[in-house]
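Peer 1: One structure, as structure tokens, below. Some questions next.
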Amino acid sequence: MMKLVAKSSLLIAFALFFTSCEKDQNNNSGPAAVGQSSSTMDLKIPNGFNFETTESVSLDLNIDQAPLNARYLVKVYTENPSVIASPIYQAFISNGARLNTALTIPTGLQQLYLVMQAPDGSSFLTIVPKAKNISHTFYRSKNKAQVESFGSPDCVSGCDHSQSHSNWWEANIEDDIYCVTGSYNGSGGITVKNGAILRLCGSGSIPNITLNEGQIQIVAGANVTVNNFNINSHSDNELVVYQGATLTITNWFSPNADVVNYGTMNVAALNLNSGADLENHGDFTVTTTNYCSFNGDVDNYGTLIVSGNASINSGSKFENYCGLYFNGDLQHNGEIKCYSYTKVGGKWTINGGAKHEMKNGAMAVCEDLMLNGKIEGKGSTSLFKVNDRSDANWGAEIKKNIQFCDVNGIENVAARNFKDGAAEGCSLVIPSDACNPEGNGQPQVADADNDGVADELDAYPNDASRAANSYFPSENSYGTVAYEDLWPAFGDYDFNDLVVDYRYQQVLNADNEVVDLKARFVSRAMGGSLDNGFGIALDIAPGVISSVSGTRYFNSLISTNANGTESGQSKAVIIVYDDASQVLVNNTGQAFVNTVSGNPTVAPDTTDITINFSSAQTAASLGTAPYNPFIFVNQTRGREVHLAGEAPTDLADASLFGTLDDDTDPNSADDTYKSANNLPWAIHVVGGFNYPEERVDISQAYNYFSVWAQSGGVSYTTWYDDQPGYLNISDLYQ
């Protein structure tokens, strides 16, 4: 049915169209995906789909018979919690007091990592499968085997060839994806060549696999055993084992190109050649006591175990961010940088020219040590521990921030071997954690502000009203909101008229209540000539807030209450800034800001907002991040543009709903800011977003955006990731 539109609305819409970003019909699409459309306008979107890249799950956590009668700190991660990962949520829990909360996570995750940190600093890791309702009891289930699974590519979508495995065959068409399902019966072999992609989704045994040129993916749920797995030297060659997948190699594994493991890899013996890099995020085990040799580089973010003897040869570099185990003897001729925990079960020989570098409280343990090279500490003091005999020759060095501990006393390490402040001793306290199960010493539990949270866990040890910081998406990452500003008329769907990154910090007290809400907004792009404002709406009354600081007003448009919230609102609305053109000041002489590659750039602008509450609030009362962010268009306060399904504020101009291309039902809790064919004017990407180049439709820049949208968010949930075949780089702003 045709909408009846007021003449004035039509005139406004046409004016907006010609004063905002003028677009052409450039078509620079890359490889087509199944169900891909080059125009978002052509998509068939299911009713009820709001283009969400996040979902909400319920956490119900408990402690049973914890050893200390004090608060413990729970940290939730979306990836293996190595030292470079940061949690998406933190809260306290104690004996007899359950923790129930709604948690926002990226859609498509299949597992969460829960780290329980004790008041003495020790901690351990539990992996739980993603579900709408997640229940877990700590300590009682500590030693139970955990279920692991992870969303990854599958053999349902994106396949150019779908088949079972039998006999000998080749995957040999350039860039084609060969999806192999079913049970593998232990016969035949597969050769990958000419840049093809082999995706193994089934289980069983394949005697021979050879990668000449291309990529091999072992996907979640697959359990593959290979006798001879050959990876030849080529710059594009890569083996990827996804979380939830298992690859077992029963013979020598001697790769000449990149190996990336997110799941479980078991190899009988390993020779990592100089042209190969091993990146481990999961569990990688050399299962037999055959000699293991490393000539290439290793980055370990998970657990890497060598069951027998090993050598790290000259030119090989290790970076260890979690648990690295050599159960036999280690001949060390290369370089190890250890940020967490390294253990050698036998004799560790660090030869001349070799180096073991330890950073920020790392720990290394061996049975015996023969030191001819160097052990060096950087950052906070680290611990090198020898359980039995320690020897060092004349040129050996133990230097800088290292405490050297020989449990039964040093046998043959001279004072001259200690340099630049390194010292003998075993007193350094290092708590156990998810990567270091051993630790050293017994931390003392102290609580300076008597808030019930040990200083070890207290982010504010001298402030009884504050105890922790919980970030979203995390302390080290941002989410992104991106807008089309021609509402209620359709835009061109490059989603770059205003692009804002965000990160929220909830300051919690010991009872997990929110005392302060802090936000950082990084405005990156302005692909239009309209002077738009930007704000957020919280699900609380304005009076709950005592003060707002950091807002930026350039024009006489916004009226505020004494506490800094916008006046005339029944819920707390904070206008971050009223004019993006005064934030991203365009002095380039070009029409747009940071949307045309090659044009002069404008530095992204950072705005920090602090919201103080008159009394501590429950996290649930505030709503969930990103807290209904919106723009208002061209200094017209009522012309609000929100994410699909979000509510307008009280100051939105309701007369615009249902005009032009908008099909908003303001009385619906879900059917807002969408067109009649369910298209939005704003999107939110929790993992950060590389927005399209000016005049490029998002469906053209991202090969699987249209597939994702038309599936109602079921397929290609991480369509925005930089994965093979996902992006058309030339269509994204550089």
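The values are calculated or read from the model by the stated rules, or taken from the named source; none is laboratory data. Just so it is clear, the structure is predicted and the values come from calculations on it, not from any experiment. As a convention, Cβ positions derive from the backbone with ideal geometry for all residues, glycine included, and neighbour counts pool all protein chains shown. Remember, those area values only see protein heavy atoms, side chains included, never the ligands or the DNA or RNA. Shrake-Rupley method; radii C 1.70, N 1.55, O 1.52, S 1.80 Å.
Peer 1: Only one of Asn586, Asn563 is open to solvent by 30 Å² or more (accessible area, probe 1.4 Å), assigned to a loop (DSSP other than H, G, I, E, B) and not aliphatic (A, V, I, L, M); which?
Peer 2: It is Asn586.
Peer 1: Just to verify a result, which residue in the range 383-400, among those that are in a strand (DSSP E or B) and touching a residue at least 40 places away in the same chain (Cβ under 8 Å), is least open to solvent (accessible area, probe 1.4 Å)?
Peer 2: In the first step, residues of the range 383-400 are kept if they are in a strand (DSSP E or B); the result is 383-386, 390-392, 397-400.
Checking the rest, the ones that are also touching a residue at least 40 places away in the same chain (Cβ under 8 Å) come to 383, 385.
Numbers: Leu383: 0, Lys385: 31 Å².
This residue is Leu383.
Peer 1: What residue, among those in the range 496-531 that are in a loop (DSSP other than H, G, I, E, B) and of a type in the set (A, V, I, L, M), is farthest from Pro87 (Cα to Cα)? Steps first, answer last, please.
Peer 2: Step one: of the range 496-531, the residues in a loop (DSSP other than H, G, I, E, B) are 496-497, 509-513, 527-531.
Then drop every residue that is not of a type in the set (A, V, I, L, M), which leaves 510, 530.
Numbers: Ala510: 18, Leu530: 37 Å.
If we take residues in the range 496-531 being in a loop (DSSP other than H, G, I, E, B) and of a type in the set (A, V, I, L, M), then Leu530 is farthest from Pro87 (Cα to Cα).
Peer 1: For Thr718, state whether it is modelled with pLDDT of 95 or more and either at negative phi or of a type in the set (Lys, Arg) (or both).
Peer 2: Values: modelled with pLDDT of 95 or more: no; either at negative phi or of a type in the set (Lys, Arg) (or both): yes.
In short, no.
Peer 1: Mind listing just one residue for me: the one in the range 715-734 that is open to solvent by 50 Å² or more (accessible area, probe 1.4 Å) and part of a loop (DSSP other than H, G, I, E, B) and, of those, nearest to Gly195 (Cα to Cα)? Reasoning before the result, please.
Peer 2: First, pick out the residues of the range 715-734 that are open to solvent by 50 Å² or more (accessible area, probe 1.4 Å): 721-722, 724, 729-730, 734.
Now restrict to residues that are part of a loop (DSSP other than H, G, I, E, B): 721-722, 724, 734.
Working: Asp721: 21, Asp722: 18, Pro724: 12, Gln734: 26 Å.
Among residues in the range 715-734 that are open to solvent by 50 Å² or more (accessible area, probe 1.4 Å) and part of a loop (DSSP other than H, G, I, E, B), the one nearest to Gly195 (Cα to Cα) is Pro724.
So that you can scan it fast, the table gives a plain yes or no per residue for (1) of a type outside the set (A, V, I, L, M); (2) modelled with pLDDT under 95; (3) under 23 Å from Gly328 (Cα atoms); (4) open to solvent by 10 Å² or more (accessible area, probe 1.4 Å):
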site: Asn212; (1), (2), (3), (4): yes, no, no, yes
site: Ile216; (1), (2), (3), (4): no, no, no, no
site: Thr225; (1), (2), (3), (4): yes, no, no, yes
site: Phe229; (1), (2), (3), (4): yes, no, no, no
site: Thr248; (1), (2), (3), (4): yes, no, yes, yes
site: Ser254; (1), (2), (3), (4): yes, no, yes, yes
site: Val259; (1), (2), (3), (4): no, no, no, no
site: Val267; (1), (2), (3), (4): no, no, yes, no
site: Leu272; (1), (2), (3), (4): no, no, yes, no
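Peer 1: Could you go through the range 61-73 and let me know if any residue there is under 26 Å from Val481 (Cα atoms) and hydroxyl-bearing (Ser, Thr, Tyr).
Peer 2: Taking the range 61-73 and keeping what is under 26 Å from Val481 (Cα atoms), we get none.
Within the range 61-73, none of the residues are under 26 Å from Val481 (Cα atoms) and hydroxyl-bearing (Ser, Thr, Tyr).
Peer 1: Name, by its number, the condition in (1) within 30 Å of Thr588 (Cβ to Cβ); (2) open to solvent by 40 Å² or more (accessible area, probe 1.4 Å); (3) not charged (D, E, K, R) that does not hold for Leu530.
Peer 2: (2)
Peer 1: Let me ask something else. Kindly check whether there is at least one residue in the range 353-365 that is open to solvent by less than 30 Å² (accessible area, probe 1.4 Å), within 16 Å of Leu272 (Cα to Cα) and not in a loop (DSSP other than H, G, I, E, B). Give the derivation first.
Peer 2: Step one: list which residues in the range 353-365 are open to solvent by less than 30 Å² (accessible area, probe 1.4 Å), which gives 354, 356-358, 361-365.
Still in the running and within 16 Å of Leu272 (Cα to Cα): none.
Checked the range 353-365: no residue is open to solvent by less than 30 Å² (accessible area, probe 1.4 Å), within 16 Å of Leu272 (Cα to Cα) and not in a loop (DSSP other than H, G, I, E, B).
Peer 1: Another question, if that's okay. Limited to the range 156-177, what total is found for residues that are open to solvent by 80 Å² or more (accessible area, probe 1.4 Å), within 33 Å of the chain's Cα centre (by Cα) and modelled with pLDDT of 90 or more?
Peer 2: Result for the range 156-177: 4.
So that you can scan it fast, the table gives a plain yes or no per residue for (1) touching a residue at least 60 places away in the same chain (Cβ under 8 Å); (2) on the phi > 0 side of the Ramachandran plot; (3) out of contact with any helix residue (DSSP H, G or I) (no Cβ under 8 Å at 6 or more places or on another chain):
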residue	(1), (2), (3)
Asp64	yes, no, yes
Leu68	yes, no, yes
Arg71	yes, no, yes
Tyr77	no, no, yes
Val83	yes, no, yes
Ile93	no, no, yes
Gly108	yes, yes, yes
Gln117	yes, no, yes
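Peer 1: Shifting gears a bit: Might you let me know whether the range 360-367 holds any residue that is in contact with a Lys or Arg (Cβ under 8 Å, 6 or more places away or on another chain), within 22 Å of Gly315 (Cβ to Cβ) and among the acidic types (Asp, Glu)?
Peer 2: Going residue by residue through the range 360-367, those that are in contact with a Lys or Arg (Cβ under 8 Å, 6 or more places away or on another chain) are 360, 363-367.
Keeping just the survivors that are within 22 Å of Gly315 (Cβ to Cβ) gives 364.
Now narrow it down to the ones that are among the acidic types (Asp, Glu): none.
Taking every residue of the range 360-367 in turn, none turns out to be in contact with a Lys or Arg (Cβ under 8 Å, 6 or more places away or on another chain), within 22 Å of Gly315 (Cβ to Cβ) and among the acidic types (Asp, Glu).
Peer 1: Please tell me if Ser570 is in contact with a Phe, Trp or Tyr (Cβ under 7 Å, 6 or more places away or on another chain) and surrounded by fewer than 15 Cβ atoms within 10 Å (Cβ to Cβ). Steps first, answer last, please.
Peer 2: Values: in contact with a Phe, Trp or Tyr (Cβ under 7 Å, 6 or more places away or on another chain): no; surrounded by fewer than 15 Cβ atoms within 10 Å (Cβ to Cβ): yes.
No, not satisfied.
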